[in-house]
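What follows is one structure encoded as structure tokens, with my remarks underneath.
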Amino acid sequence: MNDTILILNGPNLNLLGQREPHIYGHATLADVEARCRTLAADFGLAVAFHQSNAEHQLIDWIQAYRVGSAGIVINPGAYTHTSIAILDALNACEVPIIECHISNVHRREAFRQHSYVSLAATAVMAGFGTHGYELAVRHIAHLRGASETSGGLT
């Protein structure tokens, strides 16, 4: 598991590509997963990729990967702004945590500008579209000192 990046997606991200494409784009969650798996493999890393609309399921995955994994990339969706339970789970982690948002939450409604998750995050990606996931994978690889085998940029 020490070469595995956990990528978590919260509520409604299963509708990526269908829900508000003017905000979130046309890529599906399966597209994001495929790009992340390919990129991680270029660094000799694996990906465990999950989505759930259930807060407790996200917490269970965080706890399973909190020690010994390469790191966690999390787009908690609306739980970003509401979940102290997810924050508590992330605070128990001993690995890098990258908070990832597709839209620039700082240009949206005021309630979206507060993040409990940021209090535990090593870094935050916001406004890069679905490419932010790949940037997060690259950053975890960088923190581990991994070098890319393909040499190309995505």
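The values are calculated or read from the model by the stated rules, or taken from the named source; none is laboratory data. Here the structure is a predicted model, which is why all the values come from computation and not from measurement. Note that each Cβ is placed from the backbone with ideal geometry, even for glycine, and that neighbours are counted across all protein chains shown. Side chains are part of the model used for accessible areas, which takes the heavy atoms of the whole protein and leaves out ligands, DNA and RNA. Shrake-Rupley method; radii C 1.70, N 1.55, O 1.52, S 1.80 Å.
Just a few scattered comments:
- Residues in the range 1-126 average 44 Å² of solvent-accessible surface per residue, probe 1.4 Å, ligands and nucleic acids excluded.
- A Förster radius of 41 Å, combined with the Cβ-Cβ distance separating Leu135 from Thr82, puts the computed FRET efficiency at roughly 0.95.
- Estimated [θ] at 222 nm from DSSP helical runs (n ≥ 4, -39500 (n - 2.57)) normalised by residues in the chain, nearest 500: -10000 deg cm²/dmol
- Summary of the geometry: the range 80-104 and the range 119-142, compared by the centres of their Cα atoms, lie 12 Å apart.
- In plain terms, the chain from Asn12 to His114 could stretch by 34.8 nm, reckoned as 0.36 nm per residue minus the Cα-Cα distance.
- Accessible surface of the range 1-115 [probe 1.4 Å, protein heavy atoms]: carbon and sulfur percent: 50 percent
- Phi to ³J(HN,Hα) by Karplus 6.51 cos²θ - 1.76 cosθ + 1.60 over the range 118-135, Hz, x for Gly, Pro: 4, 5, 10, 6, 6, 8, 10, 10, 8, x, 8, x, 5, 4, x, 4, 5, 4
- Rounded to the nearest 20 debye, the dipole magnitude of the chain is 240 debye, with +1 charges on Lys and Arg beta carbons, -1 on Asp and Glu beta carbons, and the Cα centre as origin.
- The range 1-45: equivalent-ellipsoid semi-axes (sqrt of 5 x gyration tensor eigenvalues, Cα, Å): 24, 12, 6
- Taking all protein chains together, His101, His139, His22 sort by accessible area into His22, His139, His101, largest first [probe 1.4 Å].
- Label corresponding to Kirkwood radius over Cα pairs in Å when calculated from the structure given, among (1) 15.3; (2) 16.5; (3) 18.7: (1)
- Plainly put, the range 32-107 has a radius of gyration that is 0.96 times its Kirkwood radius, both from alpha-carbon atoms, as the Rg/Rh ratio.
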